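Novice: Shown below is the structure under consideration.
All of the numbers you see were taken from the coordinates with simple rules; none came from a lab. These figures come from a predicted structure and were not determined experimentally. Cβ placement follows ideal geometry from the backbone for every residue including glycine, while neighbour counts extend to all protein chains displayed.
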Amino acid sequence: MLGYDIMGIETTRTAIRSAVAAIVLLTHTACGGPAIDPAGSAAGTTEGTGGAVFTATDMSALRRGLQKEIEAVRAAQSRSSTATTPQERGLAIQASFETATIPLGAEAAGLSADRYGAPRDTVFDVLRTLDFQDKIDGPLSLDLSRADAATKERLSRDAFVDLPEASASVLRAHLDEILPVWLEYTNLTAVAG
């Protein structure tokens, strides 16, 4: 296993996502938009849990979406390696970012970006935790001596504990379907291909 300490990156991503979500919600509300009901979609979040509610259908859609994201990352990496100018290389690299690939994955899954993103984020969190716990053979590792107390506590628990019971059951039942695609995506993005 290769040793990559990406917790700082993940913390930054989470903070950015939270800030963007808060800004969008405040802007939406301030501009007189209708109330947003996060439980209104099939893949909404539930009160008191950290994970999305999703079904077997959502897992199949996630698999299709991740396959499309993998295609997009590979294409971007190929364009980057053959780019002849810094600008072309920069644009190609940006095409491999989640901000560019998630909408493509959502479209391939036949879902809105929010409905695709909620189970995607939750499943990625569970699989990262399982990988850091060495319960799956993935590319991620973490030096726990450098981790904060919250991270150590999270990694000492069952990776599925924060999921609603139904979602945990669905993910466990579809792990063989989702894990290989997640591993391929993670190897392309976290380990840079």
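Novice: Fully extended, how many nm does the chain gain between Leu91 and Arg74 (0.36 nm per residue separation, minus their Cα-Cα distance)? Each step should come with its number before you reach the end.
Specialist: Working: separation 17, 0.36 × 17 = 6.12 nm, distance 1.39 nm.
Gain on stretching Leu91 to Arg74: 4.7 nm.
Novice: Using only Cα positions of region 47-189, each an equal point scatterer, no hydration layer, compute I(q)/I(0) via Debye at q = 0.10, 0.19, 0.20, 0.22 Å⁻¹ and quote the log10 values to two decimals.
Specialist: The calculated log intensity ratios at q = 0.10, 0.19, 0.20, 0.22 Å⁻¹ are -0.38, -1.13, -1.19, -1.31.
Novice: Can you order the peptides 175-181, 55-61 by their average number of other Cβ atoms within 10 Å per residue, highest first? List each step's numbers first, then the result.
Specialist: Values: 175-181: 14.9, 55-61: 18.0.
By packing density, highest mean first, the sequence is 55-61, 175-181.
Novice: Rounded to whole Å and sorted largest first, what semi-axes of the equivalent ellipsoid does the C-alpha gyration tensor of region 129-177 yield via the square root of 5 times each eigenvalue? Write out the running numbers ahead of the final one.
Specialist: Details: eigenvalues 102, 42, 6 Å².
So the three semi-axes of region 129-177 are 23, 14, 5 Å.
Novice: For Ala100 and Leu144, what does the FRET efficiency come to when R0 = 25 Å and r is the distance between their Cβ atoms, rounded to the nearest 0.05? Present the calculation step by step, with values, prior to reporting the outcome.
Specialist: Details: r = 33 Å, r/R0 = 1.32.
It comes out at approximately 0.15.
Novice: Would you please put 157-167, 134-144, 81-91 in order of how densely packed they are, using the mean number of other Cβ atoms within 10 angstrom per residue and starting with the highest? Let's see the in-between values first.
Specialist: Values: 157-167: 16.6, 134-144: 15.1, 81-91: 11.0.
Highest-to-lowest ranking by the protection proxy: 157-167, 134-144, 81-91.
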